[in-house]
Amino acid sequence: MNKPRQHPDSLRQRVIAIFFLGLLLLAGVATVIGWVFDEWGRIQLGWIGQIFGPALTVAGFALVVWSVQVQYSLGEGTPAPMVATQRLVSSGPYANTRNPMTLGALLMYLGIGIWTSSAVVVALTLIVFSLLLVYIYIHETRELSERFGETYLEYKKHTPFLIPRFWNRQGQ
């Protein structure tokens with residue numbers, strides 16, 4: 001008996017759904033860690049933290065959603081290697097940073113740490129993302145160079161790795 005072939009779009013949709021569920025799960029875990037280790041360190045920012053934390057969280061989440069949407073629509077793929085993009089994406093959030101999804105997730109988790117006044121969540125976020133960024137820099141840079149060749153190398157020359165540079169951009 002033959003198994004029906006799975007349509008690539010349904011696989012993409014499942015990968016994106018799993019990605020966002022994982023992101024939400026990690027956000028919940030970060031919040032719980034903040035509450036459990038509350039005694040270990042509080043960030044005393046008062047009302048500033050209650051405004052700045054949610055703003056960072058929402059902005060980070062929006063950047064992640066925008067990045068995934070652009071990968072799906074323009075790159076014809078997803079963040080997951082099993083359904084990787086077919087085209088190099090260099091517009092939208094990718095025009096200002098090569099890793100907008102990672103930047104968005106970093107902002108989101110830092111926002112949660114600030115919002116919950118948890119020094120532990122902020123510290124863990126910085127440690128985990130430092131390690132993640134080293135991995136991304138080594139692995140993804142090599143992999144994208146192999147997949148997209150000179151086009152990627154040219155994009156890499158003009159686009160910062162993580163922190164957007166809105167001034168002194170080429171061609172503007």
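Comparison of V121, V70, V128 shows that the only residue that is farther than 25 Å from I51 by Cα and either touching a strand residue (DSSP E or B) at 6+ places or on another chain (Cβ under 8 Å) or β-branched (V, I, T) (or both) is V70.
Out of G28, G34, which single residue is touching a Gly at 6+ places or on another chain (Cβ under 7 Å), in a helix (DSSP H, G or I) and at pLDDT below 90?
On the way: G28 fails: touching a Gly at 6+ places or on another chain (Cβ under 7 Å).
Of G28, G34, the one residue that is touching a Gly at 6+ places or on another chain (Cβ under 7 Å), in a helix (DSSP H, G or I) and at pLDDT below 90 is G34.
The sole residue among V64, V89, V83 that is among the hydrophobic types (A, V, I, L, M, F, W, C), at negative phi, buried (at least 19 other Cβ atoms within 10 Å of the Cβ) and under 12 Å from the mean Cα position of the chain (by Cα) is V64.
In the set (1) under 12 Å from the mean Cα position of the chain (by Cα); (2) open to solvent by 50 Å² or more (accessible area, probe 1.4 Å), the condition left unmet by V128 is number (1).
Beta carbons closer than 8 Å, at least 6 apart along the sequence or on distinct chains, pair a first residue in segment 146-168 that is touching a residue at least 40 places away in the same chain (Cβ under 8 Å) and among the aliphatic types (A, V, I, L, M) with a second that is assigned to a helix (DSSP H, G or I) and open to solvent by less than 60 Å² (accessible area, probe 1.4 Å) for L162/T102; L162/L103; L162/L133; I163/L103.
For segment 155-172, taking the residues that are open to solvent by less than 80 Å² (accessible area, probe 1.4 Å) and either over 20 Å from A105 (Cβ atoms) or of a type outside the set (A, V, I, L, M) (or both), the one that is modelled with the lowest pLDDT is identified as R169.
The values are calculated or read from the model by the stated rules, or taken from the named source; none is laboratory data. No experiment lies behind these values; they were computed from the predicted model shown. FYI the Cβ positions are ideal-geometry reconstructions off the backbone, even for glycines, and counts take in every protein chain you see. Surface accessibility is based on the protein's heavy atoms, side chains included, excluding ligands, DNA and RNA. Shrake-Rupley method; radii C 1.70, N 1.55, O 1.52, S 1.80 Å.
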